[in-house]
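J.: Structure incoming, see below.
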Amino acid sequence: MRNPLSETIVQIEPSGIRKFFDIVSEMKDAISLGVGEPDFDTPWHIREEGIYSLEKGRTFYTSNAGLKELKQEICRYLYRRFDVSYNPDSEVMVTVGGSEAIDIALRAMCDPGDEVLIPQPSYVSYVPCTMLAGGKPVVIELEEKDNFKLTPEKLLEKITDKTKILVMPFPNNPTGAIMTKEDLAPIVDIIIKKDLFVISDEIYSELTYGTDHVTIAAFPEMKDRTILINGFSKSYAMTGWRLGYAAAPHRILEQMLKIHQFAIMCAPTTSQYAAVSALRDGDNDVQMMREAYDQRRRFVLHAFKEMGLDCFEPEGAFYAFPSIKRFGMTSDEFATRFLREEKVAVVPGTAFGASGEGFLRVSYAYSLKNLKEALGRMANFVKRLDEERK
Ligand SMILES: Cc1ncc(COP(=O)(O)O)c(C=O)c1O
């Protein structure tokens, strides 16, 4: 029989995040600080709207681009929160999570050989989706000394004649880094000068602590060059509803819509009705969750300090990214031993790119009770490692 598989897909590694969770699920008394998912239930009024839509028998396909009512709410929200204005009829579409939006944006824009700049450490899907789209991923390695921000120097270093797209993964998973308006300004100048496009993954835009999120699409001339991606998973604790969206110039969006039409048809109908309620009446819920994450963030940073672990201060998302360089082991070795000896799962920084070596991703989207227990175990582990090294 001949090989049934595509060479491209065989080359792609499965996500490094899941490995540890299969072990955790079978380990008694194990605690996971690994999954990038809110621990809150979806706010009740949102669930109720979903239930009501089912009671009403709204169980049919919506239009491909999504419910008109939801697209209008998305545009109102983007204007109200981030000062960008989109036409609900031609510049926005509802997708199956931010995940689908990332995939179809890349597929709509890449021709073979087009280079896509991907700052890392960052979310696991950008590189594989670029490869599946026929593009060439080019990694920009972000560094702790720059607070894991994208600097103009780092960007310029990797631009060639073939560069077409820059992925902007901020607020960042796994580092928690954000890009302020001042950080973005010199990046914008380069994008315009070099005639690039941006896929801006803003899924954590509601989760910043201290500084409000700024979208790159709000800069003059940038709306025409940006595919803004966002969704409901993180801000409204709606991961399982599988709902996100993309806002983009019509000429790009209409091509993305074709892929969505043939591959997906439409995002889940129940979720779309529920999401209308999230955008209309969910501000207080978002605020409550943001405050809870912020409290946990400060708790985690304090615990790292107490145990002598260096950690860059995350200003967004719900992850901390402590350095374990001083123990002279790889991230994978540290995470594996930590899980085996203390039954706590964290993700090695290398799951998010080679530049994550020497770091761990610790999610603080867990209750303070769990965080206390897990970080207590971490303190024991760190103490033991220090003693071993004496
Ligand atoms: C940075 C980032 N982008 C996109 C996603 C995908 O989210 P979803 O497809 O649930 O909207 C995630 C999920 O972890 C993420 O961390």
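The values are calculated or read from the model by the stated rules, or taken from the named source; none is laboratory data. Values in this document were obtained by computation on a predicted structure and should not be read as measured data. Every residue, glycine as well, gets a Cβ built from its backbone with ideal geometry; the counts of neighbours run over all protein chains shown. Ligands, DNA and RNA are stripped out before the accessible areas are found, and what is left, the full protein with its side chains, is counted by its heavy atoms. Shrake-Rupley method; radii C 1.70, N 1.55, O 1.52, S 1.80 Å.
J.: Taking region 348-390 on its own, how many of its residues are at pLDDT below 95 and among the β-branched types (Val, Ile, Thr)?
T.: 0
J.: While we're looking at this one, here's another question. For residues that are among the polar types (S, T, N, Q), in contact with a strand residue (DSSP E or B) (Cβ under 9 Å, 6 or more places away or on another chain) and either open to solvent by 60 Å² or more (accessible area, probe 1.4 Å) or assigned to a loop (DSSP other than H, G, I, E, B) (or both), tally how many sit in region 150-164.
T.: First pass over region 150-164, keeping only residues among the polar types (S, T, N, Q): 151, 160, 163.
Imposing the further condition that a residue be in contact with a strand residue (DSSP E or B) (Cβ under 9 Å, 6 or more places away or on another chain) reduces the set to 160, 163.
Narrowing further to those that are either open to solvent by 60 Å² or more (accessible area, probe 1.4 Å) or assigned to a loop (DSSP other than H, G, I, E, B) (or both): 160.
Summing the residues that are among the polar types (S, T, N, Q), in contact with a strand residue (DSSP E or B) (Cβ under 9 Å, 6 or more places away or on another chain) and either open to solvent by 60 Å² or more (accessible area, probe 1.4 Å) or assigned to a loop (DSSP other than H, G, I, E, B) (or both) in region 150-164 gives 1.
J.: Please go through region 79-113 and pick out each residue that is open to solvent by less than 30 Å² (accessible area, probe 1.4 Å) and within 22 Å of Ile187 (Cα to Cα).
T.: Phe82, Val84, Ile102, Ala105, Leu106, Met109, Cys110
J.: If you check Ser122, Ser90, which single one turns out to be away from the ligand (no atom under 16 Å from the Cβ), in contact (Cβ under 8 Å) with a residue 40 or more places away in the chain and in a loop (DSSP other than H, G, I, E, B)?
T.: Selected residue: Ser90, the only one of Ser122, Ser90 that is away from the ligand (no atom under 16 Å from the Cβ), in contact (Cβ under 8 Å) with a residue 40 or more places away in the chain and in a loop (DSSP other than H, G, I, E, B).
J.: The conditions are (1) farther than 21 Å from Gly356 by Cβ; (2) in contact with a Ser or Thr (Cβ under 8 Å, 6 or more places away or on another chain), and Leu279 fails exactly one of them. Which is it?
T.: (2)
J.: Only one of these is touching a residue at least 24 places away in the same chain (Cβ under 8 Å) and open to solvent by 70 Å² or more (accessible area, probe 1.4 Å): Asn173, Asn147. Name it.
T.: Asn147
J.: Quick one: which helices (runs of 4 or more DSSP H) sit completely within region 177-289 and have at least 2 residues that are touching a residue at least 60 places away in the same chain (Cβ under 8 Å) and within 14 Å of the ligand (Cβ to nearest atom)?
T.: Passing ranges, in order: 269-281.
J.: Further question on the same structure: Checking Met222 against (1) open to solvent by less than 50 Å² (accessible area, probe 1.4 Å); (2) within 29 Å of Asp39 (Cα to Cα); (3) out of contact with any strand residue (DSSP E or B) (no Cβ under 6 Å at 6 or more places or on another chain), only one condition comes out false. Which one?
T.: Of everything listed in (1) open to solvent by less than 50 Å² (accessible area, probe 1.4 Å); (2) within 29 Å of Asp39 (Cα to Cα); (3) out of contact with any strand residue (DSSP E or B) (no Cβ under 6 Å at 6 or more places or on another chain), Met222 misses just condition (2).
J.: Something else about it: Take Glu341 and decide whether it is of a type outside the set (Lys, Arg), free of Cβ contacts under 8 Å to residues at least 12 places away in the same chain and assigned to a helix (DSSP H, G or I).
T.: Here the answer is no, as Glu341 does not meet what is asked.
J.: When you scan region 134-144, how many residues do you find that are in a strand (DSSP E or B), open to solvent by 20 Å² or more (accessible area, probe 1.4 Å) and either farther than 22 Å from Ala320 by Cα or not acidic (Asp, Glu) (or both)?
T.: 4
J.: Report yes if Gly34 is more than 26 Å from Leu228 (Cα to Cα) and surrounded by 10 or more Cβ atoms within 10 Å (Cβ to Cβ), otherwise no.
T.: Yes.
J.: Do we find a residue being open to solvent by less than 10 Å² (accessible area, probe 1.4 Å), among the polar types (S, T, N, Q) and under 25 Å from the mean Cα position of the chain (by Cα) anywhere in region 354-374?
T.: yes
J.: If Met131 satisfies all but one of (1) away from the ligand (no atom under 15 Å from the Cβ); (2) surrounded by fewer than 18 Cβ atoms within 10 Å (Cβ to Cβ); (3) within 22 Å of Val10 (Cα to Cα); (4) touching a residue at least 24 places away in the same chain (Cβ under 8 Å), what's the number of the condition it fails?
T.: For Met131, the failing item is (2).
So that you can scan it fast, the table gives a plain yes or no per residue for (1) closer than 17 Å to Phe40 by Cβ; (2) in contact with a Pro (Cβ under 7 Å, 6 or more places away or on another chain); (3) buried (at least 22 other Cβ atoms within 10 Å of the Cβ); (4) not hydrophobic (A, V, I, L, M, F, W, C):
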| position | (1), (2), (3), (4) |
| --- | --- |
| Asn230 | no, no, yes, yes |
| Lys234 | yes, yes, yes, yes |
| Gly244 | no, no, yes, yes |
| Ala247 | no, no, yes, no |
| His250 | no, no, no, yes |
| Tyr273 | no, no, yes, yes |
| Gln295 | yes, no, no, yes |
